[in-house]
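Please treat every number below as a calculation from the coordinates, not as lab data. Being a predicted model, the structure only gives us computed values, none of them experimental. Virtual Cβ from ideal backbone geometry, glycine too; neighbours counted across all protein chains shown.
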Amino acid sequence: MSSLKTAIKKPLAQKTIVITGASSGAGRAAAMRFAAQHANLVLASRNTEELEEVARECEDLGGTMLTVPTDVSKQEEVRELAQKAVKFIGGIDVWINNAGVLAAGAFTDTPMSVHEQVIKTNLLGYMNGAHAVLPYFKKQGYGIIINNISVGGFLPVPYGSSYTASKFGLRGFFEALQSELLPFEEIYVCNMYPCFLDTPGMQHAANYTGVYIKPAPPVFDPLHLADVMVKLAQHPRNAINTDSGTPLLRLAYGLAPSLTRKIMEKVIRTYFKTAPAIQQTDGNIFMTADYGNAVYGGWNPQADASTRKRNLLQGAFAAGIVATGIILLKTRRQ
């Protein structure tokens with residue numbers, strides 16, 4: 001086995017992992033899972049107080065910790081994150097782009113400043129991460145970038161136009177980057193496409209709909225997503241659907257994009273008519289949220305495993321019926 005292959009395959013306890021957006025949700029879950037493997041962790045987030053709490057939890061699990069308060073939408077802060085990570089142990093093995101924000105509302109009801117910040121965080125934030133870490137990876141000859149993109153990279157979300165723009169942009173950017181990096185055989189770019197997760201993301205979202213918003217079931221366990229990240233850090237792959245919902249939604253949209261968009265818009269608009277009214281908010285778009293910074297968002301009662309499994313099966317069954325119906329409809333028209 002070559003020295004480069006040896007570097008990629010070395011145990012997680014000998015690897016340095018950088019995780020952005022580590023103060024809540026999937027990022028916090030990933031930090032815990034890697035800490036349990038005794039990895040060297042560099043945790044980044046805008047929320048300094050929560051970041052330190054995550055670090056304490058991860059130290060108790062066996063991880064070696066460094067926290068670096070970072071706003072990924074600011075290129076200079078991401079460069080500093082990479083520099084500090086390299087100095088921490090002596091290199092970076094895995095960089096996880098995870099930090100993200102959400103804005104819900106009709107396009108023209110949502111301020112352009114909010115749309116702009118969604119793009120800066122979700123799209124440019126990941127690009128900043130890649131731009132900061134790749135020179136180190138090229139110099140050492142190996143490294144893994146893991147991108148938490150979401151099914152939104154394939155499926156446009158009505159009333160989430162800037163979020164959709166950022167996710168479609170991420171898929172295109174990183175697929176282009178994968179091609180560009182082909183000469184570097186030991187540098188991997190791994191794109192993850194999870195469906196809705198049981199995280200605080202919706203609670204933190206900017207909301208210009210005028211009503212309370214929540215993810216459509218089924219919502220999936222962020223700890224499962226974190227487990228996939230751990231596997232990718234050992235056995236990298238170009239792209240992976242992390243749950244059963246993503247391939248079904250991709251199939252439906254791939255077969256009948258117009259019909260799928262109409263169904264989604266109608267479902268969301270119908271929900272708006274009955275959902276409780278709330279005031280508009282820019283959520284955590286411009287500043288951190290001082291609430292709901294756990295792994296779970298509580299969309300499944302008490303994050304109960306049996307409830308998650310039941311919602312998963314119900315959602316997969318419903319998505320399967322929709323996909324099957326679309327296939328039959330297209331077949332009859334031919």
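The ranking of Ile268, Ile8, Ile96 by Cβ neighbour count inside 10 Å, starting from the fewest, reads Ile268, Ile8, Ile96.
Per the Debye calculation on segment 81-164 with a single equal scatterer at every Cα and no solvent contribution, log₁₀ I(q)/I(0) for q = 0.18, 0.22, 0.23, 0.25 Å⁻¹ amounts to -0.78, -0.98, -1.03, -1.15.
Of all beta bridges that DSSP places with both ends in segment 10-333, some 5 percent have antiparallel geometry. Per-residue 3J(HN,Hα) values for segment 142-154, derived from phi via the Karplus relation 6.51 cos²θ - 1.76 cosθ + 1.60 with θ = phi - 60°, read 7, x, 10, 10, 10, 10, 7, 8, 4, 4, x, x, 10 Hz in sequence order (x marks Gly and Pro).
Calculated mean residue ellipticity, 222 nm, the chain: -16000 deg cm²/dmol, from DSSP H runs (n ≥ 4) at -39500 (n - 2.57) each, averaged per residue and rounded to 500.
Could you work out the Kirkwood radius for segment 10-333, taking every pair of different alpha carbons, averaging 1/r and inverting it, reported in Å? For segment 10-333, the Kirkwood estimate is 20.1 Å. Amide H to amide H distances under 5 Å link Cys190 with Ile145, Ile146, Asn147, where only residues 5 or more positions off or on other chains count and H is placed in the peptide plane.
To test your reading of the geometry: what angle, between 0 and 90 degrees and rounded to tens, separates the Cα axis of helix 257-274 from the longest principal axis of the chain? Tilt relative to the chain: about 80 degrees. Once the chain from Tyr291 to Leu182 is taken as fully extended at 0.36 nm per residue, the excess over their C-alpha distance is 35.0 nm. Applying the Kirkwood pairwise sum to the alpha-carbon positions of segment 181-251 produces a hydrodynamic radius of 14.3 angstrom. Under the convention that each Lys and Arg Cβ holds +1 and each Asp and Glu Cβ holds -1, the size of the dipole of segment 10-333 around its Cα centre is about 1340 debye. For the chain, the longest principal axis of the alpha carbon atoms and the long axis of helix 245-255 meet at an angle near 60°. Fewest-first ordering of Asp243, Asp282, Asp290 by other beta carbons within 10 Å of each residue's beta carbon gives Asp290, Asp282, Asp243. The length gained on full extension between Glu59 and Tyr212, counted as 0.36 nm times the residue separation minus their Cα-Cα distance, comes to 51.4 nm. Using C-alpha pairs below 8 Å separated by at least 6 residues, the relative contact order for segment 10-333 is 20 percent. Neighbour counts of other Cβ atoms within 10 Å put Asp198, Asp227 in the fewest-to-most order Asp227, Asp198.
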